[in-house]
Amino acid sequence: MKKILLLFLFLMGQGAWAQTTAPTKREVIGRDIGQLKGIKISGRIIDEISGEALVGATVTVPELEITKITDNNGAFELILDRAEYNIQFRYVGYETIDYPITAVGDGRISIRMLQEDFQLDDVVIFGRDPEKNIRSTDMGAITLSMNTMRELPPFLGEVDIVRSLATLPGVSQVGEASSGLNVRGGGVDQNLIQFAGAPIYNPSHMFGLFTAFNADVVNDVTLYKAVVPAKFGGRSSAILDILPKAGSVAKWGGDLMLSNYSGKLSVNGPLIKDKVSILGGFRISYINWFLNSLSNPTVKNSQANFYDGNLVISAPISENNEFTYSYYTSYDDFAFASDTTISWKNTAHSLQWKSRLTAKLSLEALGYYSGYDYGIFNQSGINDFDINSSIQDLGGKLFLGYNFSETNKVVFGGEYKQVAIQPGELIPTGPGEEILPQKVQDEAGREAGVHFQHEFELGEKFGFSYGLRYDTYQYLGPRVVRQYEENKPVSDGSAIGETNYGDGEVIQTYDGLGPRASFRYSFSKSSSIKLGYNKMYQFIHLISNTATIAPTDVWKLSDNFLEPQIADQYSLGFYNNFKGNIFETSIEVYYKDLQNVVEYKDGATLIMQNHLETELIPAEGQAYGVELYVKKNLGRLTGWVSYTYSRSLRRVITPFEEENINDGEWYASNFDKPHDLTLIGNYKVSTNTSISATFAYSTGRPVTFPEAKFDYSGNSLAYFDSRNQQRIPDFHRLDLAVNFKFKGEGRFFDGDWTFSVLNVYGRKNPFSIFFDDAQDSPPQALRLAILGVPLPSLSYAIKF
Amino acid sequence: MACIDPYQVDVPQGQQLLTVEGLIHTGLGPHSITLTRSDTYGSVFEGLVRPVTGATVVIRDNEGRIIFLTEGQEARGSYFTPVDFRAEIGKSYTLQIQTADGRVYTSLPERVESAPEIENINLNTVTVPVEGETTPRSGVQLISEINDPADQNNFYFWRISPLVYVLETRPDLFTPRPTPEKPDRIPEPKPCCAVCYRTEITGNQSLFIAQDDNFNGLTTRIPAGFIEDDGLRFVNKLRVDLRQYAISQEAYRFLRLVKQQAEISGSIFDPPPATIRGNMISLDNPEEVVLGYFMAAGESSRRIYIDNSDLTFNQIAATIPDDCRVVAWANVDPPVDWNP
């Protein structure tokens, strides 16, 4: 552990000084053999960061008024006379390079160009502007571009959005097979994940081994973990905003990737030249061969299938108006030991209109539909059944932005959505009438929000941003709602009556004001301090007894028993960039207070449960932490170190002593991992070869150990008393990858080979420690490890 | 890729908590209550669960009648009702215990409901593949066919009686060691004991329980028991009584927690550990935790003889070379009521 840390620090120190891309003094080209005319100078232009050839860049010799264009390999050739020239290299979106030379003989020039404006985009985490982290009043907004994610070792052959985010400070995952993110001590359901503006309920394939978004069709991903802009609401912890790419209006192209687990293809191009573009992407797994090759008989008889697909049509109909339609779907099924199949499917449509009404006033309107369908299908031969569940969201948003000036902006707007949940319908599928069809009452609700935000700067030193969001929510009929005796725990036994609500009748209303504010003071161009506060409301709850998002989970709207979750967060941060933004550092401190988080009664039944209120207990939560971050943006070696010390606690105090958890004391939540360290490095060995490494360490998550062993009905059982008082062993893992860009003839041969190994030293990191009295072995503690061995993968990707 | 293996952890020193396991019902007695003390949950030989002996155990019904239980001579820690005791439908019972050190415990009252009849027992052969083995494990699932009463919420619990089954020897394989007198290896079966009847007391390894939420008022089939084929049991014929109990809602909830814990598989979807609280309380110290549950239930039962041809998959028969009496609990005479 210590050695690896030292190695990283050593590597970070290497190559700290970026090479300059243009010579400061005139370069003499060629071997001087006294040639005067017809000097042939050839060369190649590549992207400084990615090493990719720049096709169609212009090479101008002003003295001779000639301009050449680079070919498919980024190559060019000039025929010059013996003289001094000031050659200019230009490429759209890149910084122009002035290159003074003296041509004395045939020779070669290699040019590396940097993207302009966002010249650090490829590696900068904090937005596009190298000093944005210092200057903006945003706190805890992290944008990861796809190029950044490509620098990380791939997970099972692919860029994985969720896992990439988990490498950042304050963001963690429960374990190796968990799809959700825990952001600053919040649960996985407290993050709003939206794709092209539409909410997505299950962001995973294969229970979290893969992320359900195809990285080739994603443009960028922004995570808001501290002060969330007022235009976002509805979840209490964080917002994950994923935006798809738009296709090219100029020419057809695409990406193809094949790995030993899955394959994906995306194609984009002009539907109507220079007017309408289309992008389509599809990814499918062929992981069955892998499952079938394992020796565990249960896994061997298992089947897993998944795919996801995207379609984006964008129409920049005029300079000031653009329409974008996005369709997204993902599907999974998993047959465990072949008699129970679990499946889930996300579908999202969204249509967006962006318009610049005047030079200062802009408008954005978005409508979406999102569906999440999931089911369990039992084909064991006895009492066969299907359980189907679904969630449907239909909504719209409208934002107006007015820029008084570059440093004084206002955004305001409104949002409305309807949510319909079918928590579960059991349909017998066997012959005869042996079990009854069953249906849990459907749920309906609507949410509306209005918001405004004002951002302005006072001189160079001060920046302010403040906003307010008002959310209102209604829980709607038709529904039969139970009443319970007062002064008794809510249970089947204390039910005293029922009320019938008609279709569309309002059963319960909640509303609340959510202020957002942040303040920045800059000490200099390269260092600043920021303060932030925000309050968020959440009207939907993930009712899950497991540590990960599972299709057996139930989503539940707030009702007259289950109040909305409310989070208050205070944050403070210090930001400093060094050496001309090559190094970025930050320290952030936060404190978060959570109300109405859901906890469960012992042994709660959550599936097909018509009276969930009898199984749930409201809890309060508290989270705090310090996040340290050092990042190196440029050079042969890039990467970052992130370290978080944080706690995530829960407390349950009810009027009824028997329902209190851990006697009403604070206890660690299921995902409380105090120390969390990630080291990431990417080292460019040459322009076409790079090596990347990720090392992650975190404290083991809490677990409950038995207080005693007792016998009942021939079983040795564990008696558990206090929740989450012990911890599973610490987690650490090293992943390595080698990427080789193969330059061949013709466009289908310009491919990327990536070989990666996850869990290089094969640590059996426990996902859980559990206690079991299994047949043929004594009652004992057992460890479940998801990735017990080093796991290699090979992938090949081409752009065409 | 994923794997489960034993893991050494430091478990807190276990508490010695009184544990009660008992079921009285409307069937034939004697019924038993077993008292033990919990211990540390740990590695192999740590924390032995010991019987609690020398306690005074009584059952009291809602009419004030008291039944004294006597501790078994051999089965220490188990306390038995008189043979003629049967619980009566509609009555409530409480269990009262005074341990040798003078501490007094009582259960909450349990009411006896009548159990629907077992209309029929269906059989289903189950095979489970085993890692690294060519033959799977197998056995017979007993499926209870019931007419669930529509007018009430029913909670079911099943147990099976001791198994009685026929053992067959392989005398054709019994060849005496060659001696100068008898150089040839002609089999010499003993005339006495080619066939035996073995009575085996086996617990149902899994708990079989059900509630009628999704079959209320229907004629339905519910898995109610499982007998593993160990190569001896299903060689010829096996007899078992399936006992069906109507238990209370609280007892069902307790057993569901026990079952949930007994069946965790170590998957990522396992529910978190739950506190299994029973219906016993200490009268001296309300804070004292008492484990286990005292149940009172109506019983219905049905006998079935299972022929080896009823199974669709049989384990290779274990070989008993000559004398079947060498097998424990085996007898050459069938039980008096053996009537296949």
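The values are calculated or read from the model by the stated rules, or taken from the named source; none is laboratory data. Just so it is clear, the structure is predicted and the values come from calculations on it, not from any experiment. Note that each Cβ is placed from the backbone with ideal geometry, even for glycine, and that neighbours are counted across all protein chains shown.
List of remarks:
- Looking across the range A:752-768, just one residue is within 14 Å of chain B (Cβ to nearest Cβ), surrounded by fewer than 19 Cβ atoms within 10 Å (Cβ to Cβ) and of a type in the set (A, V, I, L, M), and that is A:VAL757.
- Only one entry of A:TYR372, A:TYR325 meets the criterion of being in contact (Cβ under 8 Å) with a residue 24 or more places away in the chain, aromatic (Phe, Trp, Tyr), under 30 Å from A:ILE272 (Cβ atoms) and surrounded by 15 or more Cβ atoms within 10 Å (Cβ to Cβ), and that entry is A:TYR325.
- Flag if A:TYR369 is in a strand (DSSP E or B) and either within 14 Å of chain B (Cβ to nearest Cβ) or more than 27 Å from A:ILE313 (Cα to Cα) (or both): no
- Any hit, the range A:747-763, residues being at pLDDT below 85, within 20 Å of A:PHE671 (Cβ to Cβ), within 33 Å of the chain's Cα centre (by Cα) and not in a loop (DSSP other than H, G, I, E, B): no
- A Cβ distance below 6 Å, combined with a sequence gap of six or more or placement on separate chains, defines the contacts here; from the range A:582-606, residues that are within 14 Å of chain B (Cβ to nearest Cβ) reach residues that are assigned to a strand (DSSP E or B) and at pLDDT below 95 in the pairs A:VAL598/A:HIS541; A:VAL598/A:LEU616; A:GLU599/A:ILE617; A:GLU599/A:ALA619; A:GLU599/A:VAL652; A:LEU606/A:ILE543; A:LEU606/A:VAL554.
- A residue that is closer than 21 Å to A:ASP672 by Cα, at pLDDT below 90 and in a loop (DSSP other than H, G, I, E, B) cannot be found anywhere in the range A:582-593.
- Counted residues, the range B:318-338 - those being part of a loop (DSSP other than H, G, I, E, B) and under 18 Å from B:ASN308 (Cβ atoms): 6
- Complete set of residues in the range A:35-56 that are closer than 23 Å to A:ILE798 by Cβ and at pLDDT below 85: A:ILE46, A:ASP47, A:GLU48, A:ILE49, A:SER50, A:GLY51, A:GLU52, A:ALA53, A:LEU54, A:VAL55, A:GLY56
- For the range A:541-581, the set of residues classified as within 30 Å of A:PHE770 (Cβ to Cβ) and either in a loop (DSSP other than H, G, I, E, B) or free of Cβ contacts under 8 Å to residues at least 40 places away in the same chain (or both) consists of A:SER544, A:ASN545, A:THR546, A:ALA547, A:THR548, A:ILE549, A:ALA550, A:PRO551, A:THR552, A:ASP553, A:LEU562, listed by residue number.
- Note on the range A:482-540: residues that are farther than 30 Å from A:SER571 by Cβ and either assigned to a strand (DSSP E or B) or basic (Lys, Arg) (or both) amount to 15.
- Which numbered condition A:GLU658 misses (of (1) surrounded by fewer than 17 Cβ atoms within 10 Å (Cβ to Cβ); (2) at pLDDT below 90; (3) part of a strand (DSSP E or B)): (3)
- Selection count where residues are surrounded by 16 or more Cβ atoms within 10 Å (Cβ to Cβ) and over 23 Å from A:ALA250 (Cα atoms), scope the range A:52-76: 2
- Evaluating A:GLU176 against the criteria (1) within 14 Å of chain B (Cβ to nearest Cβ); (2) closer than 17 Å to A:LEU144 by Cα; (3) charged (D, E, K, R) leaves one unmet condition, (2).
- Selection within the range A:238-287: residues that are among the basic types (Lys, Arg) and without any contact (Cβ under 8 Å) to a residue 40 or more places away in the chain. The member of this set that is farthest from A:VAL217 (Cα to Cα) is A:LYS273.
- A:PHE740 meets all of the listed conditions (1) in a strand (DSSP E or B); (2) over 30 Å from the mean Cα position of the chain (by Cα) but one, namely (2).
- A:TYR201 vs. criteria in contact (Cβ under 8 Å) with a residue 60 or more places away in the chain, closer than 24 Å to A:TYR374 by Cα, surrounded by fewer than 24 Cβ atoms within 10 Å (Cβ to Cβ) and touching a Phe, Trp or Tyr at 6+ places or on another chain (Cβ under 6 Å): yes
- Only residues that are in contact (Cβ under 8 Å) with a residue 24 or more places away in the chain, surrounded by fewer than 19 Cβ atoms within 10 Å (Cβ to Cβ) and in a strand (DSSP E or B) were counted in the range A:458-478, giving 6.
- Pick from the range B:120-151, criterion surrounded by 14 or more Cβ atoms within 10 Å (Cβ to Cβ) and part of a loop (DSSP other than H, G, I, E, B), ranking: farthest from the other protein chains (Cβ to nearest Cβ): B:PRO149
- Selection status of B:GLY29, at positive phi, without any contact (Cβ under 8 Å) to a residue 60 or more places away in the chain and more than 9 Å from chain A (Cβ to nearest Cβ): no
- Subset of the range A:393-441 that is in a loop (DSSP other than H, G, I, E, B) and more than 14 Å from chain B (Cβ to nearest Cβ) - its residue that is farthest from the chain's Cα centre (by Cα): A:GLN441
- Across the range A:229-284, the qualifying residues are those that are of a type in the set (Phe, Trp, Tyr) and buried (at least 19 other Cβ atoms within 10 Å of the Cβ), and the one among them that is nearest to A:ILE540 (Cα to Cα) is A:PHE232.
- Every residue from the range B:185-206 that is at pLDDT 75 or above and either assigned to a loop (DSSP other than H, G, I, E, B) or among the small types (Gly, Ala, Ser) (or both): B:CYS192, B:CYS193, B:ALA194, B:ILE201, B:THR202, B:SER206
- Single unsatisfied condition, B:SER267 versus (1) over 22 Å from the mean Cα position of the chain (by Cα); (2) in contact (Cβ under 8 Å) with a residue 60 or more places away in the chain; (3) within 11 Å of chain A (Cβ to nearest Cβ): (2)
- A residue that is farther than 20 Å from A:THR546 by Cα, part of a strand (DSSP E or B) and either outside the structural domain of A:ASN739 (by TED's automatic domain parsing) or among the polar types (S, T, N, Q) (or both) occurs somewhere in the range A:709-722.
- Hits in the range B:209-238 - residues which are more than 12 Å from chain A (Cβ to nearest Cβ) and within 15 Å of the chain's Cα centre (by Cα): B:GLY225, B:ILE227
- Of the residues in the range A:699-710, none is more than 14 Å from chain B (Cβ to nearest Cβ), buried (at least 21 other Cβ atoms within 10 Å of the Cβ) and either of a type in the set (Ser, Thr, Tyr) or more than 28 Å from the chain's Cα centre (by Cα) (or both).
- The residues listed here are B:ILE247, B:ILE320; of these, the one that is more than 9 Å from every other protein chain (Cβ to nearest Cβ), in contact with a helix residue (DSSP H, G or I) (Cβ under 8 Å, 6 or more places away or on another chain), buried (at least 19 other Cβ atoms within 10 Å of the Cβ) and more than 30 Å from A:GLU659 (Cα to Cα) is B:ILE320.
- A:LEU784 meets each of the listed conditions (1) within 11 Å of chain B (Cβ to nearest Cβ); (2) in contact (Cβ under 8 Å) with a residue 60 or more places away in the chain; (3) over 26 Å from A:VAL641 (Cα atoms) apart from (2).
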